[in-house]
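Here is the structure we will look at.
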Amino acid sequence: MCGIVGYIGNKEAFPIIIKGLKRLEYRGYDSAGIALLNGGMTVFKKAGKVADLEGIIAPGSTTANIGIGHTRWATHGEPNDVNAHPHLSQSGELAIIHNGIIENYAPLKEMLQKRGYVFHSDTDTEVLVNLIEEVQKTEKTSLDNAVRIALNEVVGAYAIVVLNRNNPDQLIAARKGSPLVIGIGEDEFFVASDASPIIEYTKNVVYLDEQEYAVINRDGQYNIRTLGNIEKSPEIKELEFSLETIEKGGFEHFMLKEIYEQPKAIEDSLRGRMNARQGWIKLGGINEYIKRIDNAERFIITACGTSWHSGLIGEYLIEDLARVPVEVEYASEFRYRNPIINENDVVIAISQSGETADTLAAIEIAKERQALIYGLCNVIGSSIARASNAGSYTHAGPEIGVASTKAFSTQVSLITLIALQLAQVKGTLPTSRLRTILYELENIPKKIEETLLLDAQIKEIAAIYKDASNFLYLGRGYNFPVALEGALKLKEISYIHAEGYPAAEMKHGPIALIDENMPVVFLATNQSAYEKIVSNVQEVKARKGKIIAVVHKGDTQIRALADHIIEVPETEEILSPLITIVPLQLLAYHIAIMRGCNVDQPRNLAKSVTVE
Ligand code: AGP
């Protein structure tokens, strides 16, 4: 939830760190700060965005070739200057930046206070840097060993970088539960929460693994050890995406860029994993665990937010096609309700960031109870990807907008492949039917391109309803999870209250909400329950609700009833979520823009929720 950047090398550190923090602002933007070593330690920090931090820094005061920077999403202590990172140790010799949460910071703080430490902030991070200093003093040991010993005392999640005023030739980085990437440049090193601050300088990176720390030296030497003090040989990976994929690419916002990237993202997610003509599907990890997957008595899909919605579509698909029981669980509930899990279960964890704390914790519990874990993540080398026995990356590319769009659609395309491969293995789907669906899946990107052409019409609808106080989203079957996702999109970027509901469920209460001020978005592309959804539209119309209906091209019945019709290309019913979500993403985007909201960085939200 915070962004951290470190640099050591022969260039000016300040511009590299500041630019890197701006690329990481989607992870949190409550406050920002930087520490530089230039003979002494120079620290600047400020509540607000990175630009606000830049505003307080006098030109000429930033000469240094080693430094650390941080952009924060508050977990302990409100977003103000004092709580902004970096935090210094009591002596002023150590500076730390931290992404994560120290759960046992209170007893540690008490212990340190008893030893004379005085704290200036409300943060857990300040406790950590003083714990490191205390260990270094009492154990009379090197800083990197003090970091290691201190982290063994810590309960919680962290990605940290530590700077030592007395040693301008070294950075120390460590992680547990929060991501950390080391960029290996020409006589220079970069450390960051993800690769976006690094990629314009080098594509060679090392992903720190769980409970590992790195000692990075200016002379080009670096080593990685576990918190158990075991040396690890670093595995250098080459980054797949280029810088422009991170930039907005000419779109006004990352979110709009990512909505329009969905055709390509889905193509990328399917590439090399299916062949309609030959009728095969090949997903990473499925084949090596095929026995356990084929014999699974149940699938449990666990996720949060949008990823939970794609998981719900997964339930419908797997049960419909492969005839295996599926349960979809909110990870934050699953991890605490003492669920019944055993070695006959397969748990599918869905997470764009691969760092969502609740989802990570949920799979750890499932692992302890012998279930097989299959991870569906977008971020390469992320914690959930590493914690899984097997899995597939969605290959959506970096999703910078906080509101998930292309990650959702690539999750749905992959979970569709999982359901189809399972059905193939179990023989529950005739080959001819499988091929028909695969051919249609190959057509989906083109059909999304076609749907995107409706953008202007959707913008007009947005202008009519941008001041509504509430929205209802209704759908049946495969479109019910889409109704939930459409409502979430609107809520999280326009701050309008919206609710997704099964269309037939309206009669059990929510229909009392309907009046002329209630816009109701119907997902009405169903073939199997079409007449039912027509009745639901009539029920709303009879109560003067304003009806925005997403229908298949050429629909006539609902056209006669709705106030606004959005005609999307027809597709296989089981693939309809990949199409029907697009107008809802655009509707939410345009309404939010018209309401002056910050669609890429909505208030109170962060891209990756790495705390509970
Ligand atoms: C979706 O638009 C939100 N950003 C949020 O619900 C998100 O899907 C959720 O926090 C899960 O994140 P993950 O996919 O990275 O685990």
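Screening the candidates Arg115, Arg72 for the property of being buried (at least 21 other Cβ atoms within 10 Å of the Cβ) and either over 27 Å from the mean Cα position of the chain (by Cα) or in contact (Cβ under 8 Å) with a residue 24 or more places away in the chain (or both) yields one hit, Arg72.
The single condition from (1) among the β-branched types (Val, Ile, Thr); (2) crowded, with 23+ Cβ neighbours inside 10 Å; (3) more than 16 Å from the ligand (Cβ to nearest atom); (4) within 22 Å of the chain's Cα centre (by Cα) that Val379 fails is (3).
Looking at the stretch 343-358 only, could you name the residues that are within 11 Å of the ligand (Cβ to nearest atom) and either part of a loop (DSSP other than H, G, I, E, B) or not acidic (Asp, Glu) (or both)? Listed by number, the residues that qualify are Ala349, Ile350, Ser351, Gln352, Ser353, Gly354, Glu355, Thr356, Ala357.
Among the residues of the stretch 193-210, some residue qualifies, meaning at least one is surrounded by fewer than 21 Cβ atoms within 10 Å (Cβ to Cβ), closer than 26 Å to Ala106 by Cβ and at pLDDT below 95. Can you confirm whether the stretch 231-245 contains a residue that is surrounded by fewer than 20 Cβ atoms within 10 Å (Cβ to Cβ), of a type in the set (S, T, N, Q) and either touching a helix residue (DSSP H, G or I) at 6+ places or on another chain (Cβ under 9 Å) or free of Cβ contacts under 8 Å to residues at least 40 places away in the same chain (or both)? The answer is yes, given that some residue of the stretch 231-245 is surrounded by fewer than 20 Cβ atoms within 10 Å (Cβ to Cβ), of a type in the set (S, T, N, Q) and either touching a helix residue (DSSP H, G or I) at 6+ places or on another chain (Cβ under 9 Å) or free of Cβ contacts under 8 Å to residues at least 40 places away in the same chain (or both). Counting only strands (runs of 3 or more DSSP E) that fall entirely inside the stretch 448-561 and contain at least 1 residues that are in contact with a Phe, Trp or Tyr (Cβ under 9 Å, 6 or more places away or on another chain) and acidic (Asp, Glu), the qualifying elements are 497-502.
Please find, within the stretch 526-551, the residue that is surrounded by the most Cβ atoms within 10 Å (Cβ to Cβ) out of those that are β-branched (Val, Ile, Thr) and within 13 Å of Glu505 (Cα to Cα). My answer is Ile533. Scanning the stretch 283-315 for residues that are of a type in the set (D, E, K, R), in contact with a helix residue (DSSP H, G or I) (Cβ under 9 Å, 6 or more places away or on another chain) and in contact (Cβ under 8 Å) with a residue 40 or more places away in the chain yields one hit, Asp294.
Just one of the listed residues (Ala150, Ala95) is under 25 Å from Phe189 (Cα atoms) and in contact with a strand residue (DSSP E or B) (Cβ under 9 Å, 6 or more places away or on another chain), and it is Ala95. Among the residues of the stretch 316-328, is there at least one that is within 16 Å of the ligand (Cβ to nearest atom) and either farther than 20 Å from Ala357 by Cα or under 26 Å from the mean Cα position of the chain (by Cα) (or both)? Looking for residues that are within 16 Å of the ligand (Cβ to nearest atom) and either farther than 20 Å from Ala357 by Cα or under 26 Å from the mean Cα position of the chain (by Cα) (or both), one finds at least one in the stretch 316-328, hence yes.
The residues in the stretch 15-64 that are more than 25 Å from Gln170 (Cβ to Cβ) and within 23 Å of the chain's Cα centre (by Cα) can be counted, and the count is 11.
Residue pairs whose Cβ atoms lie under 7 Å apart, separated by 6 or more positions or on different chains, with the first residue in the stretch 359-372 and on the phi < 0 side of the Ramachandran plot and part of a helix (DSSP H, G or I) and the second charged (D, E, K, R) and within 16 Å of the ligand (Cβ to nearest atom), are Ala361/Arg335; Ala362/Arg335; Ile365/Arg335. How about the stretch 383-426: which of its residues are under 23 Å from Tyr478 (Cβ atoms), away from the ligand (no atom under 16 Å from the Cβ) and not hydrophobic (A, V, I, L, M, F, W, C)? Residues satisfying the conditions are Thr416, Gln421, Gln424, Lys426. The residues of the stretch 274-293 that are at pLDDT below 90 and charged (D, E, K, R), listed by number, are Lys282, Glu288, Lys291. Within the stretch 293-315, being within 11 Å of the ligand (Cβ to nearest atom) and aromatic (Phe, Trp, Tyr) holds for one residue alone: Trp308.
Against the conditions (1) assigned to a strand (DSSP E or B); (2) at pLDDT below 95, Thr302 satisfies every one except (2). Scanning the stretch 253-274 turns up at least one residue that is loosely packed, with under 14 Cβ neighbours inside 10 Å, touching a residue at least 12 places away in the same chain (Cβ under 8 Å) and assigned to a loop (DSSP other than H, G, I, E, B). When Ala146 is tested against the conditions (1) without any contact (Cβ under 8 Å) to a residue 40 or more places away in the chain; (2) in a strand (DSSP E or B), the lone failure is (2). Hey, any hits in the stretch 18-34 for a residue that's of a type outside the set (Gly, Ala, Ser), crowded, with 24+ Cβ neighbours inside 10 Å and closer than 19 Å to Arg165 by Cβ? Yes: one or more hits. Does the stretch 389-400 contain at least one residue that is modelled with pLDDT of 95 or more and buried (at least 24 other Cβ atoms within 10 Å of the Cβ)? Looking for residues that are modelled with pLDDT of 95 or more and buried (at least 24 other Cβ atoms within 10 Å of the Cβ), one finds none in the stretch 389-400, hence no. Here Glu492, Glu505 are screened, and the one residue that is among the acidic types (Asp, Glu) and closer than 25 Å to Val402 by Cα is Glu492.
The values are calculated or read from the model by the stated rules, or taken from the named source; none is laboratory data. Bear in mind that the values here come from a model prediction, so they are computed numbers and not experimental data. Please note: Cβ atoms are built from the backbone with ideal geometry, for glycine as well, and neighbour counts cover all protein chains shown.
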